[in-house]
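Colleague: My questions all concern the structure below.
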Amino acid sequence: MSIHDPLLAFRREFPIVETCTYLVSHSLGAMPRRTADNLRAYADTWASRGVRAWHEGWWEIGRVTGDLLAPILDVATGTISMHQNVTVAQGIIASCHRYDGPRRRIVMTDLEFPSNHYLFEGFRRYGAEIVYVESTDPIRIDLERLIDAIDDRTVLVPLSLVLFKSSYITDAKTVIEKAHRVGARVILDVYQAAGAVPMDLRGWETDFAVGGSVKWLCGGPGAGYLYVRPDLARELEPALAGWAAHDEPFAFATGRIKYAGAPERFQSGTPNVPALYAARAGYEIVAEIGVDRIREKSLRLTRRLIDAALAAGYRVNTPRLDAERGGTVTIDVPDGARVTDELIRRDVIVDYRPGAGIRMAPHFYNTEEEIDRAIGTLKEIVGESVGRSSA
Ligand SMILES: Cc1ncc(COP(=O)(O)O)c(C=O)c1O
C-alpha cells in the first residue's frame, strides 16, 4: 500500500508526468508549468520595454538568480554567478590560476564527466600537467589513490560530488581537506547533487562549486552556476573576463580590467536573460519543498528500484548503501541501449550510458506505482528479448 506522500501535491505543476513515466531527472528535469509564464514575461518585457529592460532588472538578473539558488546549495547570498554551462564556469576558474610554475598539476579521476577531461587537457598548452587517477571499480572513485595523487605540485582538483554514471557520492570533505593541506584547490561539480542530495559546501570549506539547472533543479538549459568561497572571490582574477566583470561596465574603459566585486567579477559578458527567466520556477519549487525532503523521498524510491531490479536478477551499477547513493539507479541488462529505446517507445522515459547501463531517476514528482511500472516494463522487454533469442 502506498504511504501518504505530501510531495505528490507538486505533481500538478509538471505537465509531462501525466503523459508518461518520467524517470530521467538526472538528465532533464520536468518543466514546471509556470516556466511557460516566465518565458512569456521575458518576451513581453523585451517587446514592451526594449532596451530599458536592462535597467529594470535584466542587468542584475545573474546575481538575483544566483541568490535564488543560494539556499538550495546552502551558501550565502552574493556568492553565485550564472553562466551558460559547467564548462564555461570551470573555464573561468581555470583561468584564475597559473600553470607555468612548479605547482601546475590538475588531478582528477577517470570517472569524471568527460567535459572536465576535455577542458583541462586544453590547459596543457599553458603548461598544465594532467594527472588521471584510475579507479579499479566502475562505480566508485579510489579515494586513497586520489588523496595520494594530490601534493604540493597540484593546483586544481576537479571532482564530482555525485558521479554521473553510477550516482556514487564522493567524499568531498576528505578530498578538500587534503587539497588544502598541500595548498591546492578543489572545483566541486555538484550538478548531479544540486536539488537532490544535501551538501555542506560551507562546512567543507569548498573553494569552488559548479553545476547547471537542467537536471534535478528543473530549470532548463543555459543556467549554469559558479559558487566561489567568499575569501577567494575577493582575490581571484579571471583571465576569461568581459565587460560585465568590470567594476564600472558602463564607463566602457579600455585596456586592463578593473575587476568588480564578487560575484560579478566572474561574469564574463551579457547575462543569458531568457535562460534565467526559465530557471526560476524550478528553483522556487525545489526551495519550497527543501532538499532534505526531496532526499528522503529519493532514497525511498531508489531503494524500491534497486530491490526490484535485484529481485529480477539484474545487475545494479549503483551503490546499495543510502549514504553512498545519489538520486539515480543504473541497471545493467543485456543489450541495454536497445532496451532503453524500447522503454522510451513504451513511455518509460529513461536513458542509457555505455559501460554503466540504464539510468532511472525518480524525483519528488514521481510515484511508487511509476517505479513498479518502469521495472515491470523493463522485465517485459528483457523477457521478450530472451524469448526471441531462444526461439
Ligand atoms: C556531473 C556533470 N558535470 C557536467 C555535466 C555537463 O554540464 P554542461 O553541459 O553544463 O557543461 C554533466 C551533464 O550531464 C554532469 O552530469
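Bear in mind that the values in this text are calculations on the coordinates, not laboratory data. This structure is a prediction, so every number in the text was calculated from the model and none was measured. Cβ coordinates were reconstructed from backbone atoms using ideal geometry, including for glycine residues, and neighbour counts include every protein chain displayed.
Colleague: What is the dipole size for the chain, taken about its Cα centre, with +1 at each Lys and Arg Cβ and -1 at each Asp and Glu Cβ, in debye to the nearest 20?
Modeller: Dipole about the Cα centre, nearest 20: 440 debye.
Colleague: Oh, and also: Roughly what percent of Cα-Cα pairs across the range 34-287 reach past 26 Å?
Modeller: Pairs farther apart than 26 Å: 40 percent.
Colleague: Residue separation times 0.36 nm, minus the C-alpha to C-alpha distance between Glu369 and Thr254: what's the value?
Modeller: Fully extending the segment from Glu369 to Thr254 adds 35.3 nm.
Colleague: Take the alpha-carbon centre of the range 323-391, take the same for the range 214-277, and report the distance between them in whole Å.
Modeller: 40 Å
Colleague: Treat the count of other C-beta atoms within 10 Å as a stand-in for reagent exposure and order Val333, Val286, Val190, Val88 from fewest to most.
Modeller: On the way: Val333 20, Val286 28, Val190 24, Val88 16.
Least to most surrounded, the residues fall as Val88, Val333, Val190, Val286.
Colleague: Let me ask something additional. What's the longest bit of the chain with no exposed GluC sites (Glu not before Pro), using DSSP loop states and at most 14 other Cβ atoms within 10 Å as the test?
Modeller: Longest run free of exposed loop sites: 135-391.
Colleague: Here's something else I'd like to know. Would you work out which of Leu201, Ser167, Ala128 lies farthest towards the positive end of the dipole of the chain, given +1 charges on the beta-carbon of Lys and Arg and -1 on that of Asp and Glu, about the Cα centre?
Modeller: Checked the options; the winner is Ala128.
Colleague: For the range 100-245, what percent of Cα pairs sit more than 27 Å apart?
Modeller: 19 percent
Colleague: I need to check one value: relative contact order of the chain, counting alpha carbon pairs closer than 8 Å and at least 6 residues apart, in percent.
Modeller: Contact order relative to length: 22 percent.
Colleague: Also, quick follow-up: Calculate the translational D of the range 48-90 in whole µm² s⁻¹ from Stokes-Einstein, where the hydrodynamic radius comes from the Kirkwood formula applied to all Cα pairs, the temperature is 37 °C and the viscosity 0.692 mPa s. Walk me through the numbers on the way to the answer.
Modeller: Working: Rh = 11.6 Å.
Diffusion coefficient, whole number: 283 µm²/s.
Colleague: If you take all C-alpha pairs in the range 52-119, what percent of them are over 15 Å apart? Each step should come with its number before you reach the end.
Modeller: On the way: 1551 of 2278 pairs.
Result: 68 percent of Cα pairs exceed 15 Å.
Colleague: Give Lys297/Lys379; Lys178/Lys297; Lys173/Lys379 a once-over and call out the pairs whose C-alpha atoms are over 31 Å from each other.
Modeller: Checking Cα-Cα distances, Lys178/Lys297; Lys173/Lys379 exceed 31 Å.
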